[in-house]
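Scroll down for the structure; my scribbles are underneath it.
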Amino acid sequence: CYANMFYDCTALTQAPALPATTLTNGCYMQMFYGCTSLTQAPSLPATTLATWCYSYMFRGCTSLTQAPALPATTLADYCYQQMFLDCTSLTQAPALPATTLTAQCYHSMFRNCTSLTQAPALPATTLATGCYWSMFENCTSLTQAPALPATTLTDSCYRVMFRSCTS
């Protein structure tokens, strides 16, 4: 319903309220993609996610410094994929409380977030195909990797998760 709504609105500085708690497939996908002047993300209270719902939502929002809280503990396939990709001013990541992951749910979520200095805790014990794929790739200010408590792994679950994290 709101996919691509503000795509490449480079002058947008403030986001509208997004009070929905139950999402549908692709509903906020790419909503603020390329909004380079957006400095603050809206609150995202949803706890029932859907496939692709937040994917690419803030991709390329280069002025965004803090991510919104993400309270959902039950994820959907691709739900956070590339959500903050290329958010080069992002210094803080949100807590990620889910313990059971889905296919590619965190794929490239913080990739190229070159100002991110600390990774969030990753408490998941049940992984899915590609769930952490490229999650922190090229996060050049990241100095410590989080604990990875999962003991049952799947195809590509940690694939290039920390590639080019030079710090």
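Think of the chain as having a plus end and a minus end, set by charges on the Cβ of Lys, Arg, Asp and Glu; of Ala11, Thr22, Thr126, Thr126 sits farthest toward the positive end of this dipole. The Cβ shell under 10 Å around Phe84 holds other residues with a net charge of +1, Lys and Arg each +1, Asp and Glu each -1. A protection proxy built from the mean count of other Cβ atoms within 10 Å ranks the segments 12-20, 69-77, most packed first, as 69-77, 12-20. Taking a ≥ b ≥ c as the square roots of the eigenvalues of the Cα gyration tensor, an a/c ratio of 1.5 or more together with a/b no larger than b/c marks region 29-68 as oblate.
Above 22 Å, the calculated P(r) of region 28-167 contains 29 percent of its Cα-Cα pairs. The order of the peptides 126-136, 141-151 by mean Cβ neighbours within 10 Å, most packed first, is 126-136, 141-151.
Quick one: length gained pulling Ser89 to Tyr7 fully straight, 0.36 nm per residue minus the C-alpha distance?
Details: separation 82, 0.36 × 82 = 29.52 nm, distance 1.88 nm.
Extra length available between Ser89 and Tyr7 comes to 27.6 nm.
Using a 10 Å cut-off on Cβ atoms, rank the peptides 82-89, 106-113, 34-41 from the highest mean neighbour count down.
Going from most to least packed, we get 106-113, 82-89, 34-41.
For region 118-125, 3J(HN,Hα) computed residue by residue from phi via the Karplus equation (6.51, -1.76, 1.60; θ = phi - 60°) reads 9, 7, x, 5, 10, x, 4, 10 Hz, glycine and proline entered as x. Contact order for region 56-142, expressed relative to its length and based on alpha carbon pairs under 8 Å spaced 6+ residues apart, stands at 30 percent.
Each value in this text was obtained by applying a stated rule to the coordinates, not by laboratory testing. Just so it is clear, the model here is predicted, and its values are computed rather than measured. Here the Cβ is made from the backbone with ideal geometry for all residues, glycine too, and neighbour counts use every protein chain on show.
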